[in-house]
Structure formats: structure tokens, C-alpha cells
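Visitor: Questions regarding the structure given below will be posed in turn.
The values are calculated or read from the model by the stated rules, or taken from the named source; none is laboratory data. Since we're looking at a predicted model, the values are computed, not measured. Please note: Cβ atoms are built from the backbone with ideal geometry, for glycine as well, and neighbour counts cover all protein chains shown. Accessible surface areas use protein heavy atoms only, side chains included; no ligands, DNA or RNA. Shrake-Rupley method; radii C 1.70, N 1.55, O 1.52, S 1.80 Å.
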Amino acid sequence: MNQDVSAAVPAAAPATAVRSFGPYTLIRLIGSSSLTIAWLARDTRSDQPVRLLAARQPVNSQAVRERCVEEARKASQLKHPRLLPAHEVGCVDRFPYVATLCDPEHLPARIEDTFAPPALRSLVRNGCELLEGLAYAHEASIPHGDLGLHTLAFDTHDKISLWGLGLGVAIAGARSQGIPSAGGLGGGLLGREIAGACLLIQHWIQGAPPHGEADMPALLDRWPTSNLSLPQELPMPIADSLRLMLDRAVETNPQRRFIHARSFHRALSGWHYTEYPEDGGFDAMLQAQLRRNGHLPATEGLRERVAHIAGMDKGRLDEMVEVLRQDLALTLSMLRAANASEMAAAGEEGAAVTSVKRAMALLGTDGLRRVSNGQQPWPGTAKPHHAAQLAQAIDRAHLAGYLAAEVAPGGTDAEGAALAGIFQNFGQILGLYHFPDEVAQIQRLVISSKGTDKPITPDLAAQSVLGVDLQAMAIAFMRLWGLAEPLRHLVRPLSEGAVVRMPDSLEAWSRLTGSFANGVLRITDLPQPEQPAALAALVGRYHSTLGLDEGQVRGAMRRAREKLSRHMR
């Protein structure tokens, strides 16, 4: 029979005898898995309390023991707030171990004492913290090795850190069934740990071991051939978007899984922000993306475009704006600069710059040059194949903008309608630039669910991948970027099932017209035989407000395409 770690020293007869492990005195068990065992211990050399993680059974192979120590020492080089630093890595009588220091005032209890499910808000926050540390380790190509309740540490503020990294990797690999070291689309050992993180969150939600199995390695041995998704009956209600997100982390179909721990972290953090915006997690994530990538890259031909505008007669402001709007990144920057300018602040109280025409009038060609100098050249940080998708999405947004301006009724704001047409595609554009892999996951989720009894909508798919739908991400970006609130109202189109009512403001007209234009573009994505009936239904739905017939819409679409073809490239 295999020995337990406590057999690393001779057993003492009295039950109260002090047990030792090398230079450590074992105080009490924290928890264990079939791979490793965790103790609260004391370093006899410094009298410091420590968390001690050791192999559960003696490791008889010298090569495996050496790899355990090597992997743990390699992991100990990582520095991150959600990873506890290792105090010592070593081996005692065939038992590799890693120790980390403890706060004497907050010593860990047995893990069985922490089974009461916390509030959903707290457990989601803890899940974000867990994934933050795991993602950092995975991005350094370091697996944890035995992620479980016994290798999580809570501080005095109930924030989670991971510890014991690396020790269990070789032990898991030496088991008879073996554990692969790599894999695509969330597979391999890193994919197992993504699933393991989800199962820990499941444990917190249910207040008991998920699927009746307390040993995480044994539970993960069932994956991905067994369904480990959340049961329908839970002690606390959770949103469909959170359930779908957690189910994706243990998905048996590799096409629907999270690709890496960072994407799972982004999704859960985004969902946390959406549900509890006062916690501010999504804003920090989005701001980090903006610092890293910029907002969007300028489209090709920026210098020529700016020179062309600067050379125009000042009386041709409308034509200047028409050329300026051909570059979405430059348009956004001009709106931002105008809202932040002293001239805008000196206007009437509460005034905001909501049109490119006013921004151009305020800043002039000198301001245009200053703003253009800060633009990131195409394609920015986008990889070539992502840049091609991004260019297509920007062209589609411009086409929607031109179509919206063409169909805008007389007396309404044609430029506002154009901006609405563009901004209702802005979330997709931002996603393709900042989160291209996640956008691909969203598309796979939607496509893979077609024809099933539970088809997944694009919004629900986005919530499970990013934690927010793409329009919500666009609105958050515009707020952080400093764009006026009326512009942010243009982002969300009218619901496809909502009754179209007569607008009561110019802003509402713009949003309605942009919604119609994008509805027409969605029809062009349908198979050709389905398009006439879909167009007739859309025109009939908007007829009481826009008063258009199908021939007029086709003519407007033709003119919009002609305008797009004349873009400066």
C-alpha cells in the first residue's frame, strides 16, 4: 500500500505526537487531492508559519522527483499579486514539496470549513481573481499542476491567490493514464486547468463538490468525454449568460471552449462589471486594451486624406466632413478633441459636440493636423488576417452610415443618422481589433447552436465570451474615450421585435434611421431567395416613420455603395 506524506517520518504512537516533515512541523491538514496534500506547518528554522504542499504519495522515480522540483522552482520565478511567492522548494524522503509563508494572523483552516456558498457577487469576484493568477501563469507557459481548493489562499480581505504552482505537473504526467502537456482550442493540461477553475466556481455556487466528486484530478479525468456542466437545479439563481459562460469552460466540443485562461478571465470580469458596475472591473480591462493597442488604427491613406481636407476652401465644410468621416479612427479622435477643447467648454452650459461638422468647425485644419499626428497607422496591432476582417467591418459600417443618410427623412439630421449607422457596428469593429480571438469564439458559438433546441443569440454568445454584449462594450469605450452621451445613445439599434414608433427627437430619428439601414444590410447577408420577403417585411415595419418603398430602398443602397467606392484609399 502506498504511503501518505505523513509517513515521510517515523510514525509516533500517541495521537497527539508532533509530526515532522524535514525542517517543518506539521500543524494541521488544509486539504488534499489524489496528487498532493496541503498542510499548515511551521518552519523550525525561523519559527514562521507556512503552507506546505507535498506529493500525496512517495515519488519513487528520481526523474519524476527532479522534474517536480524543477517545475516548482521554475514557477517560483513568477511574480504576480494573485500568486503567492514560494518560500522553499525541495524534496524530503521521496516527497517533493513547495512551501509558502503564511500571515500568522490569518492562518488557513481545513477546506471543509469553507463550503458555505458565498453571495454570487463575491464568488464571481473570487473567480476573477483565480483566473487572473491562472492566466498569468499560463501565459508564461507554466501550468499549476494541481489546481484545487487546497491550493487556493484567502487573505484578510477574502481575496484569492494561488500557491503550490508546478509541483503536481510531473506527478500528474506520471499517472498511468498520462496527461497531455499541450493541446489546441483549450485542450491539453492548460485546458484541463481552465475546466478545473470552472469546477471550483461550480463548487462555490453549489456549496458542495461538483458532480459528487471531491477529488479534482479524478473529476477532470472524466473530461472532456463526460458532461460536467452546471446542473439545472442550483441553491442560488444565476443568469443564463453566466451559466453559458461556465458551461463553455467545461465544454466537450473543442470549437466552443475558451481558448485560454485569459479569455475566460475577460469573460467573467466583463460579466462582473455588467452586473456590478460599481466594482469597475471591465473599465480597467478596457483601459488596458486602449493603452496597449490605441482605440483604432487610421485607415490607409491618412496623410493624403488630411492634406486633401486642409487644401479645401473653408467654405466647403460639408465636403470636408464627408472626407473626414471616411476614417473612423480620425472621426472618433476629432469628436474627442472637440469635446475636450476649451472652445466646447466655453459654449452654453451642458453643450456637447455630437457632430463631426461641429468638431471640424471648432478645431479647424490646424486641429485636424494635430489630431491626425496622434493616429496609429494601419493596421495598428492587428495581425494581417485580422486586419482584413477589420477593414471589411469598417467598410460595412460606412456603408450603413451612407445608407442611413440617404434614407433619412427631410428635416432630420442626416449626419446624425450616418453616425448611428456607423456606431451600431462599432462594437463589432472594436471586438475585431481588440479581441479578435474572442469574436471568432462568438461566431463559432452562434453557428454551432443553429438548428438545436437552444439556439444562442449573438448577444448571449458575446456575454458568455466577453461578459458583455458588443454594444455594451462600444458604449463603455465611448464613455472612457470621452465622447458625448448623446452619441452613446446611438449605439444600440432598435430591438428587432419592438414596435417602430414615431420618434420625438432628432437623436431618436438618427437611431431609428441607423437601425433601418443596418437591418437592410443584414438582409443582404441572407440567401438570395430569402431577401425579397425579408426586405418587404422590414420596409413595412418602418413604413409609418420613414415612408419608403422597396424601390426607394434599393436606389438608396445603390447610391450608398457608390459613395463607399469613392473612398480615398
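Visitor: Assuming Lys454 fulfils every condition listed in (1) free of Cβ contacts under 8 Å to residues at least 40 places away in the same chain; (2) more than 27 Å from the chain's Cα centre (by Cα); (3) surrounded by fewer than 18 Cβ atoms within 10 Å (Cβ to Cβ) apart from one, which condition is it?
Guide: Looking at each condition in turn, Lys454 falls short on (2).
Visitor: Which of (1) closer than 25 Å to Phe426 by Cβ; (2) open to solvent by 20 Å² or more (accessible area, probe 1.4 Å); (3) of a type outside the set (Asp, Glu); (4) out of contact with any Phe, Trp or Tyr (no Cβ under 6 Å at 6 or more places or on another chain) is the odd one out, the single condition Val306 does not satisfy?
Guide: That leaves (2) as the condition not met.
Visitor: Kindly provide the set of residues from region 499-527 that are open to solvent by 40 Å² or more (accessible area, probe 1.4 Å) and part of a loop (DSSP other than H, G, I, E, B), ordered by number.
Guide: The answer is Val499, Arg501, Met502, Asp504, Ser505, Asp525, Leu526, Pro527.
Visitor: Okay, moving on. Residues Arg243, Arg222, Arg248: which one is open to solvent by 40 Å² or more (accessible area, probe 1.4 Å) and among the charged types (D, E, K, R)?
Guide: Arg222
Visitor: (1) on the phi > 0 side of the Ramachandran plot; (2) in contact with a Gly (Cβ under 8 Å, 6 or more places away or on another chain): which one isn't true of Trp509, the others all being true?
Guide: (1)
Visitor: Here is a follow-up. Which count do you get for residues in region 467-511 that are of a type in the set (D, E, K, R), in contact (Cβ under 8 Å) with a residue 40 or more places away in the chain and within 23 Å of Val353 (Cβ to Cβ)?
Guide: Going through region 467-511 one residue at a time, the tally reaches 4.
Visitor: Please specify each residue of region 116-150 satisfying the condition of being assigned to a loop (DSSP other than H, G, I, E, B) and closer than 23 Å to Ala218 by Cβ.
Guide: Those that are assigned to a loop (DSSP other than H, G, I, E, B) and closer than 23 Å to Ala218 by Cβ: Pro117, Pro143, His144, Gly145, Asp146, Leu147, Gly148.
Visitor: Something else about it: Output the number of residues of region 64-81 satisfying the condition of being in a loop (DSSP other than H, G, I, E, B) and either open to solvent by less than 50 Å² (accessible area, probe 1.4 Å) or of a type in the set (Phe, Trp, Tyr) (or both).
Guide: Residues that pass the stated criteria total 2.
Visitor: Could I ask something else about it? Please work out which residue is nearest to His567 (Cα to Cα), limiting yourself to region 312-344 and to residues that are part of a loop (DSSP other than H, G, I, E, B) and at pLDDT 90 or above.
Guide: The selected residue is Gln326.
Visitor: Any idea which of Ile422, Ile394, Ile447, Ile429 is open to solvent by 60 Å² or more (accessible area, probe 1.4 Å), of a type in the set (A, V, I, L, M), assigned to a helix (DSSP H, G or I) and out of contact with any Asp or Glu (no Cβ under 6 Å at 6 or more places or on another chain)?
Guide: Matching residue, one of Ile422, Ile394, Ile447, Ile429: Ile447.
Visitor: Let me ask you something else. What are the residues in region 233-272 that are assigned to a loop (DSSP other than H, G, I, E, B) and farther than 27 Å from Gln287 by Cα, if any?
Guide: Result: Glu233, Leu234, Pro235, Met236, Pro237, Ile238, Val250, Glu251, Thr252, Asn253.
Visitor: Pick out the one residue from Ala397, Ala420 that is in contact (Cβ under 8 Å) with a residue 40 or more places away in the chain, touching a Lys or Arg at 6+ places or on another chain (Cβ under 7 Å) and of a type in the set (A, V, I, L, M, F, W, C).
Guide: Of the residues listed, the single one that is in contact (Cβ under 8 Å) with a residue 40 or more places away in the chain, touching a Lys or Arg at 6+ places or on another chain (Cβ under 7 Å) and of a type in the set (A, V, I, L, M, F, W, C) is Ala420.
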